[in-house]
Amino acid sequence: PAPTPAASDTGAAPTSSAAVAVNLRGRHPLAAAAQLGLPGAVTSLLARGASPGRSHAYPLARDGPTRDAFRLFRHDHPQRYAWDAAAVAPAASKEDLAGRDANAAAKKARAAARKREVKKAAAAARKEREKAAEAAREAERAEAKRVEEKREWMKSAEGRGLNLVQKARERAAMAAEIRAGRRCAWCSASLDGIVPFERMAFKYCSTECVRMHRTELDKSK
(Lines give C-alpha, C1' and ligand atoms only; values in the text may rest on other atoms or scores of the structure.)
Protein backbone atom coordinates (compact mmCIF):
# COMPACT_ATOMS: atom_id res chain seq x y z
CA PRO A 1 0.00 0.00 0.00
CA ALA A 2 1.05 3.59 -0.65
CA PRO A 3 2.47 5.49 2.37
CA THR A 4 -0.02 7.76 4.10
CA PRO A 5 0.81 10.93 6.01
CA ALA A 6 0.49 11.07 9.77
CA ALA A 7 -2.56 13.30 10.02
CA SER A 8 -2.09 14.26 13.66
CA ASP A 9 1.50 15.44 13.19
CA THR A 10 2.67 18.75 11.81
CA GLY A 11 4.60 18.41 8.56
CA ALA A 12 4.58 14.61 8.81
CA ALA A 13 6.78 12.58 6.52
CA PRO A 14 5.46 9.73 4.40
CA THR A 15 4.81 6.74 6.62
CA SER A 16 5.71 3.12 5.89
CA SER A 17 3.22 0.51 7.01
CA ALA A 18 5.90 -1.42 8.97
CA ALA A 19 6.85 1.68 10.96
CA VAL A 20 3.32 2.25 12.23
CA ALA A 21 1.97 -1.29 12.36
CA VAL A 22 0.64 -2.37 15.75
CA ASN A 23 1.68 -5.80 17.00
CA LEU A 24 -0.57 -8.41 18.60
CA ARG A 25 -0.08 -6.79 21.98
CA GLY A 26 -1.29 -3.46 20.64
CA ARG A 27 2.16 -1.87 20.87
CA HIS A 28 3.68 0.40 18.23
CA PRO A 29 7.17 -0.41 16.92
CA LEU A 30 8.47 2.97 18.13
CA ALA A 31 7.17 2.31 21.65
CA ALA A 32 8.77 -1.14 21.61
CA ALA A 33 12.13 0.29 20.46
CA ALA A 34 11.96 2.93 23.20
CA GLN A 35 11.15 0.39 25.90
CA LEU A 36 13.94 -1.91 24.75
CA GLY A 37 16.49 0.92 24.73
CA LEU A 38 17.32 0.82 21.01
CA PRO A 39 18.29 4.37 19.99
CA GLY A 40 19.26 3.33 16.44
CA ALA A 41 15.86 1.75 15.89
CA VAL A 42 14.16 4.82 17.34
CA THR A 43 15.94 7.09 14.82
CA SER A 44 15.15 4.73 11.95
CA LEU A 45 11.45 4.50 12.85
CA LEU A 46 11.11 8.25 13.30
CA ALA A 47 12.68 8.73 9.86
CA ARG A 48 10.18 6.26 8.38
CA GLY A 49 7.21 8.12 9.77
CA ALA A 50 6.52 6.45 13.14
CA SER A 51 4.73 9.14 15.13
CA PRO A 52 5.89 9.67 18.73
CA GLY A 53 2.49 11.18 19.43
CA ARG A 54 0.49 8.16 18.32
CA SER A 55 2.75 5.63 20.07
CA HIS A 56 3.42 7.70 23.21
CA ALA A 57 6.93 6.33 22.91
CA TYR A 58 9.11 8.97 24.54
CA PRO A 59 7.87 8.49 28.14
CA LEU A 60 8.59 4.77 27.67
CA ALA A 61 12.26 5.32 26.74
CA ARG A 62 14.42 2.96 28.76
CA ASP A 63 17.58 5.04 29.11
CA GLY A 64 19.39 8.27 28.33
CA PRO A 65 20.77 7.30 24.90
CA THR A 66 17.28 6.32 23.76
CA ARG A 67 15.81 9.64 24.94
CA ASP A 68 18.70 11.43 23.24
CA ALA A 69 17.74 9.79 19.95
CA PHE A 70 14.33 11.50 20.14
CA ARG A 71 15.88 14.86 21.02
CA LEU A 72 18.47 14.66 18.24
CA PHE A 73 15.82 13.82 15.67
CA ARG A 74 13.66 16.68 16.93
CA HIS A 75 16.62 19.05 16.52
CA ASP A 76 17.23 17.89 12.95
CA HIS A 77 13.49 17.81 12.04
CA PRO A 78 11.72 20.36 14.20
CA GLN A 79 8.57 20.40 12.05
CA ARG A 80 8.30 16.67 11.36
CA TYR A 81 6.09 15.82 14.34
CA ALA A 82 4.08 17.51 17.07
CA TRP A 83 6.93 17.05 19.54
CA ASP A 84 5.44 18.95 22.47
CA ALA A 85 2.16 17.08 22.17
CA ALA A 86 4.16 13.82 22.24
CA ALA A 87 5.85 14.96 25.49
CA VAL A 88 9.30 14.76 23.88
CA ALA A 89 12.02 16.73 25.68
CA PRO A 90 13.42 19.88 24.04
CA ALA A 91 15.56 19.44 20.97
CA ALA A 92 19.28 18.97 21.43
CA SER A 93 22.13 19.00 18.95
CA LYS A 94 25.09 16.65 19.04
CA GLU A 95 27.14 19.53 20.42
CA ASP A 96 24.58 20.10 23.18
CA LEU A 97 24.65 16.46 24.20
CA ALA A 98 28.44 16.34 23.95
CA GLY A 99 28.67 19.37 26.25
CA ARG A 100 26.20 17.81 28.65
CA ASP A 101 28.14 14.55 28.69
CA ALA A 102 31.41 16.44 29.19
CA ASN A 103 29.89 18.34 32.11
CA ALA A 104 28.57 15.11 33.58
CA ALA A 105 31.98 13.45 33.17
CA ALA A 106 33.70 16.44 34.80
CA LYS A 107 31.20 16.37 37.66
CA LYS A 108 31.75 12.66 38.07
CA ALA A 109 35.53 13.18 38.05
CA ARG A 110 35.22 15.91 40.69
CA ALA A 111 33.04 13.66 42.81
CA ALA A 112 35.58 10.84 42.47
CA ALA A 113 38.40 13.23 43.39
CA ARG A 114 36.46 14.41 46.45
CA LYS A 115 35.81 10.81 47.39
CA ARG A 116 39.52 10.03 47.10
CA GLU A 117 40.38 13.08 49.20
CA VAL A 118 37.84 12.10 51.84
CA LYS A 119 39.20 8.56 51.86
CA LYS A 120 42.76 9.88 52.07
CA ALA A 121 41.85 12.23 54.92
CA ALA A 122 40.04 9.41 56.73
CA ALA A 123 43.09 7.16 56.35
CA ALA A 124 45.37 9.93 57.65
CA ALA A 125 43.05 10.57 60.60
CA ARG A 126 42.91 6.85 61.34
CA LYS A 127 46.71 6.69 61.22
CA GLU A 128 46.96 9.64 63.61
CA ARG A 129 44.50 7.99 65.98
CA GLU A 130 46.47 4.75 65.88
CA LYS A 131 49.69 6.69 66.46
CA ALA A 132 48.16 8.53 69.43
CA ALA A 133 46.78 5.27 70.83
CA GLU A 134 50.20 3.62 70.51
CA ALA A 135 51.83 6.62 72.21
CA ALA A 136 49.28 6.36 75.04
CA ARG A 137 49.98 2.63 75.40
CA GLU A 138 53.73 3.31 75.41
CA ALA A 139 53.23 5.96 78.10
CA GLU A 140 51.19 3.49 80.15
CA ARG A 141 53.90 0.85 79.80
CA ALA A 142 56.58 3.38 80.79
CA GLU A 143 54.53 4.45 83.81
CA ALA A 144 53.93 0.84 84.83
CA LYS A 145 57.67 0.16 84.52
CA ARG A 146 58.49 3.25 86.59
CA VAL A 147 56.02 2.22 89.30
CA GLU A 148 57.42 -1.32 89.35
CA GLU A 149 61.00 -0.08 89.52
CA LYS A 150 60.06 2.26 92.36
CA ARG A 151 58.35 -0.59 94.17
CA GLU A 152 61.42 -2.78 93.76
CA TRP A 153 63.66 0.06 94.89
CA MET A 154 61.53 0.64 97.98
CA LYS A 155 61.56 -3.05 98.77
CA SER A 156 65.33 -3.10 98.33
CA ALA A 157 65.77 0.08 100.40
CA GLU A 158 63.58 -1.39 103.09
CA GLY A 159 65.70 -4.52 103.08
CA ARG A 160 68.85 -2.45 103.26
CA GLY A 161 67.36 -0.47 106.13
CA LEU A 162 66.49 -3.63 108.03
CA ASN A 163 70.00 -5.00 107.42
CA LEU A 164 71.53 -1.77 108.71
CA VAL A 165 69.38 -1.88 111.81
CA GLN A 166 70.22 -5.53 112.35
CA LYS A 167 73.93 -4.90 111.86
CA ALA A 168 73.80 -1.93 114.23
CA ARG A 169 72.17 -4.11 116.83
CA GLU A 170 74.75 -6.82 116.29
CA ARG A 171 77.58 -4.28 116.63
CA ALA A 172 76.02 -2.88 119.80
CA ALA A 173 75.67 -6.37 121.29
CA MET A 174 79.29 -7.18 120.30
CA ALA A 175 80.55 -3.96 121.91
CA ALA A 176 78.66 -4.79 125.08
CA GLU A 177 80.26 -8.22 125.26
CA ILE A 178 83.69 -6.68 124.63
CA ARG A 179 83.13 -4.21 127.42
CA ALA A 180 81.98 -7.09 129.65
CA GLY A 181 85.22 -8.97 128.87
CA ARG A 182 83.53 -11.86 127.12
CA ARG A 183 85.09 -11.12 123.72
CA CYS A 184 88.49 -10.05 122.44
CA ALA A 185 88.76 -6.27 122.20
CA TRP A 186 90.46 -6.55 118.78
CA CYS A 187 89.10 -9.52 116.81
CA SER A 188 85.86 -9.99 118.80
CA ALA A 189 86.55 -13.68 119.26
CA SER A 190 84.81 -15.31 122.19
CA LEU A 191 86.93 -15.65 125.34
CA ASP A 192 84.85 -18.46 126.76
CA GLY A 193 87.07 -21.31 128.04
CA ILE A 194 90.39 -19.44 127.66
CA VAL A 195 92.50 -17.25 129.95
CA PRO A 196 92.53 -13.83 128.26
CA PHE A 197 95.42 -11.43 127.95
CA GLU A 198 94.66 -8.16 129.63
CA ARG A 199 95.90 -4.65 128.93
CA MET A 200 94.37 -1.59 130.42
CA ALA A 201 90.61 -2.24 130.56
CA PHE A 202 90.62 -4.61 127.57
CA LYS A 203 90.90 -8.38 127.25
CA TYR A 204 92.36 -10.25 124.29
CA CYS A 205 92.51 -13.74 122.93
CA SER A 206 96.21 -13.51 121.92
CA THR A 207 99.30 -11.37 122.20
CA GLU A 208 98.95 -10.53 118.51
CA CYS A 209 95.55 -8.96 119.20
CA VAL A 210 97.10 -7.02 122.08
CA ARG A 211 99.80 -5.66 119.78
CA MET A 212 97.43 -4.77 116.95
CA HIS A 213 94.96 -3.02 119.27
CA ARG A 214 97.74 -1.07 120.97
CA THR A 215 99.05 0.09 117.58
CA GLU A 216 95.57 1.24 116.55
CA LEU A 217 95.05 3.10 119.82
CA ASP A 218 98.44 4.81 119.48
CA LYS A 219 97.51 6.00 115.97
CA SER A 220 94.27 7.57 117.26
CA LYS A 221 96.08 9.62 119.90
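The values are calculated or read from the model by the stated rules, or taken from the named source; none is laboratory data. Keep in mind that what you see is a predicted model, and the values were worked out from it rather than measured. Cβ sites come from the backbone with ideal geometry, for glycine too, and all protein chains shown count toward neighbours. The protein model used for the area step is the full one, side chains on, heavy atoms only, and it has no ligands, DNA or RNA in it. Shrake-Rupley method; radii C 1.70, N 1.55, O 1.52, S 1.80 Å.
Would you mind finding the one in Asp84, Asp96 that is open to solvent by 50 Å² or more (accessible area, probe 1.4 Å) and assigned to a loop (DSSP other than H, G, I, E, B)?
Asp84
Among residues belonging to the stretch 54-81 that are buried (at least 21 other Cβ atoms within 10 Å of the Cβ) and touching a His at 6+ places or on another chain (Cβ under 8 Å), point out the one that is modelled with the lowest pLDDT.
Ser55
Checking Ala136 against (1) within 60 Å of the chain's Cα centre (by Cα); (2) open to solvent by 100 Å² or more (accessible area, probe 1.4 Å); (3) not charged (D, E, K, R), which single condition isn't satisfied?
Unmet for Ala136, out of (1) within 60 Å of the chain's Cα centre (by Cα); (2) open to solvent by 100 Å² or more (accessible area, probe 1.4 Å); (3) not charged (D, E, K, R): (2).
Which one is surrounded by the fewest Cβ atoms within 10 Å (Cβ to Cβ) among residues in the stretch 170-192 that are assigned to a loop (DSSP other than H, G, I, E, B) and aliphatic (A, V, I, L, M)?
This residue is Ala180.
Considering only the stretch 71-113, state which residues are among the aromatic types (Phe, Trp, Tyr) and touching a residue at least 60 places away in the same chain (Cβ under 8 Å). Give the derivation first.
First, the residues of the stretch 71-113 that are among the aromatic types (Phe, Trp, Tyr): 73, 81, 83.
Answer for the stretch 71-113, where residues must be among the aromatic types (Phe, Trp, Tyr) and touching a residue at least 60 places away in the same chain (Cβ under 8 Å): just Tyr81.
Does Leu45 qualify as being over 15 Å from His28 (Cβ atoms), surrounded by 16 or more Cβ atoms within 10 Å (Cβ to Cβ) and more than 46 Å from the chain's Cα centre (by Cα)?
So Leu45 fails the test.
Would you mention how many residues in the stretch 193-221 are in a strand (DSSP E or B) and in contact with a Phe, Trp or Tyr (Cβ under 9 Å, 6 or more places away or on another chain)?
Of the residues in that region, 5 qualify.
Would you confirm whether any residue within the stretch 133-149 is in contact with a Lys or Arg (Cβ under 8 Å, 6 or more places away or on another chain) and of a type in the set (Asp, Glu)?
Within the stretch 133-149 (the criterion being in contact with a Lys or Arg (Cβ under 8 Å, 6 or more places away or on another chain) and of a type in the set (Asp, Glu)), the answer is no, since none of the residues qualifies.
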